[in-house]
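Engineer: Let me give you the structure first, and then I'll get to my questions.
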Amino acid sequence: MIPGTKNNMERNNINPQDLTMASDANQECFPSNDDLPTVLLHRLPSFNSPLKEILQPHFHLLDPADSPEPASSFLSSHAKSVRALICLYNTPLSAETLRLLPSLEFIVATSAGVDHIDLEECRGRGIIMTNASKAFAEDAADYAVALLIDVCRRISTADRYVRAGLWQVNRDYPLGFKLGRKRVGIVGLGRIGFEVGKRLEAFGCSIAYNSRQKKPSVSFSYHANVVDLAKDNDALILCCPLTEQTHHIINREVLEALGKEGVIINVGRGALIDEKLLVKFLSRGDIAGAGLDVFENEPDVPREVFELDNVVLSPHRAIFTPESLEALNELVFTNLKAFFSNKASAIGL
Ligand SMILES: O=CC(=O)O
């Protein structure tokens with residue numbers, strides 16, 4: 001266990017059973033330094049992480065950035081021994097890079113979304129992969145709800161109004177909309193979507209969702225397609241992964257179905273929405289507003305939305321808090337330990 005993380009484990013519902021197995025495994029499987037499994041830290045040079053210090057005593061950790069060699073030649077000399085890879089945040093992981101790693105069995109993605117990883121290559125080779133939604137779900141869900149409240153009640157706009165000294169000039173600041181009793185449709189009911197639903201139920205909203213399959217254990221109402229979900233709800237919250245099937249899942253038909261009073265919140269990926277079209281709908285008042293944490297070409301944001309008071313913008317930060325990052329470190333450590341102790345069932349997905 002990583003010291004000082006007990007509170008986070010409780011907060012993030014990491015199963016202590018997993019950790020027990022992982023620490024037993026530590027004693028069983030890593031008797032000497034020579035036997036440590038080789039784990040590659042795959043990261044853009046700008047990404048740093050305390051994971052390195054945490055993992056170094058337990059694994060033979062390779063970080064190409066530590067070597068004077070260029071990353072490509074570093075990989076050709078060390079790649080054969082790599083059994084696990086940590087893909088830090090959205091560092092692209094192509095089929096070409098994966099093919100340099102013939103012994104790779106396990107990928108630990110430190111992100112919730114894995115659209116930057118060549119999944120077809122992973123599937124073809126039977127490489128096991130975990131993502132980090134378990135560590136990030138609660139914070140991402142809080143943020144999605146915060147964006148929805150902000151758009152409905154015009155909080156960011158009100159802040160700008162007060163700071164600009166407009167309150168003194170005009171006391172008639174326009175009213176926002178009540179959130180309670182609104183109908184909210186969640187697109188993608190994974191860990192994050194489910195946490196969003198739980199939170200909004202407590203606000204008195206009715207919750208519906210669309211996902212690939214109906215979830216038998218969930219009481220929210222299921223819609224098999226997103227157009228119907230949009231038609232029947234006041235707001236859509238996007239929490240699904242970006243795949244070929246979900247690219248531009250929010251298209252003209254969905255935006256028209258959502259209608260003039262509708263609000264859209266995106267904490268998934270920018271390309272879930274046809275962004276150019278969204279800008280048109282927002283500018284013309286064909287939907288009521290949007291809260292966007294993600295964009296199609298980050299960090300570029302369409303300039304037209306800067307002028308729009310019905311849009312709340314955020315720089316892809318929904319998942320991040322110091323607490324979620326600590327939970328992420330715990331999760332990565334636990335999963336690697338579980339994997340290398342042949343206790344794949346203990347991997348926290
Ligand atoms: O957007 C963030 C993530 O996918 O982790």
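Engineer: So which of Ile127, Ile155 is among the β-branched types (Val, Ile, Thr), closer than 20 Å to Val82 by Cα, open to solvent by 10 Å² or more (accessible area, probe 1.4 Å) and more than 16 Å from the ligand (Cβ to nearest atom)? Give the steps one after another, and end with the answer.
Structural biologist: Values: Ile155 fails: closer than 20 Å to Val82 by Cα.
Step by step, each of Ile127, Ile155 is checked, and only Ile127 is among the β-branched types (Val, Ile, Thr), closer than 20 Å to Val82 by Cα, open to solvent by 10 Å² or more (accessible area, probe 1.4 Å) and more than 16 Å from the ligand (Cβ to nearest atom).
Engineer: Would the range 161-175 turn up any residue that is more than 16 Å from the ligand (Cβ to nearest atom), surrounded by fewer than 18 Cβ atoms within 10 Å (Cβ to Cβ) and touching a residue at least 40 places away in the same chain (Cβ under 8 Å)? Steps first, please.
Structural biologist: So in the range 161-175, the residues more than 16 Å from the ligand (Cβ to nearest atom) come out as 161-175.
When the remaining residues are screened for being surrounded by fewer than 18 Cβ atoms within 10 Å (Cβ to Cβ), the result is 161-175.
Restricting the remaining residues to those that are touching a residue at least 40 places away in the same chain (Cβ under 8 Å) gives none.
No, there is no match, as no residue in the range 161-175 is more than 16 Å from the ligand (Cβ to nearest atom), surrounded by fewer than 18 Cβ atoms within 10 Å (Cβ to Cβ) and touching a residue at least 40 places away in the same chain (Cβ under 8 Å).
Engineer: For the range 280-310, how many residues meet the condition of being open to solvent by 10 Å² or more (accessible area, probe 1.4 Å) and more than 16 Å from the ligand (Cβ to nearest atom)?
Structural biologist: 15
Engineer: Kindly indicate whether any position in the range 130-143 is over 20 Å from Ser324 (Cβ atoms) and either more than 16 Å from the ligand (Cβ to nearest atom) or out of contact with any helix residue (DSSP H, G or I) (no Cβ under 8 Å at 6 or more places or on another chain) (or both).
Structural biologist: Residues of the range 130-143 that are over 20 Å from Ser324 (Cβ atoms), as a first pass: none.
There is no residue in the range 130-143 that is over 20 Å from Ser324 (Cβ atoms) and either more than 16 Å from the ligand (Cβ to nearest atom) or out of contact with any helix residue (DSSP H, G or I) (no Cβ under 8 Å at 6 or more places or on another chain) (or both).
Engineer: Being within 16 Å of the ligand (Cβ to nearest atom) and free of Cβ contacts under 8 Å to residues at least 24 places away in the same chain is the filter here; which residues of the range 96-118 pass it?
Structural biologist: Scanning the range 96-118 gives Ile107, Ala109.
Engineer: When only residues in the range 311-332 that are within 13 Å of the ligand (Cβ to nearest atom) and not aliphatic (A, V, I, L, M) count, which is farthest from Thr157 (Cα to Cα)?
Structural biologist: Looking at the filtered set, the residue picked out is Ser324.
Engineer: Scan the range 134-152 residue by residue and report those that are more than 30 Å from Asn335 (Cα to Cα) and open to solvent by 40 Å² or more (accessible area, probe 1.4 Å). Give the derivation first.
Structural biologist: Pass one, the range 134-152, residues more than 30 Å from Asn335 (Cα to Cα): 146-152.
Hits for the range 134-152 are Ala146, Ile149.
Engineer: While we're looking at this one, here's another question. Name the one entry in Ser211, Ser206, Ser221 that is hydroxyl-bearing (Ser, Thr, Tyr), in contact with a Gly (Cβ under 7 Å, 6 or more places away or on another chain) and at pLDDT 95 or above.
Structural biologist: Details: Ser206 fails: in contact with a Gly (Cβ under 7 Å, 6 or more places away or on another chain); Ser221 fails: in contact with a Gly (Cβ under 7 Å, 6 or more places away or on another chain).
Testing whether each residue is hydroxyl-bearing (Ser, Thr, Tyr), in contact with a Gly (Cβ under 7 Å, 6 or more places away or on another chain) and at pLDDT 95 or above leaves just Ser211.
Engineer: Among the residues that make up the range 199-213, is at least one of them open to solvent by 70 Å² or more (accessible area, probe 1.4 Å), more than 16 Å from the ligand (Cβ to nearest atom), part of a loop (DSSP other than H, G, I, E, B) and among the charged types (D, E, K, R)?
Structural biologist: yes
The values are calculated or read from the model by the stated rules, or taken from the named source; none is laboratory data. Owing to the predicted nature of the structure, the values given are computational and were not obtained by experimental measurement. Quick reminder, even Gly has a Cβ in these numbers, built from the backbone with ideal geometry, and neighbours come from all protein chains shown. Just so you know, the surface numbers come from the protein's heavy atoms only, side chains and all, with ligands and any DNA or RNA stripped out. Shrake-Rupley method; radii C 1.70, N 1.55, O 1.52, S 1.80 Å.
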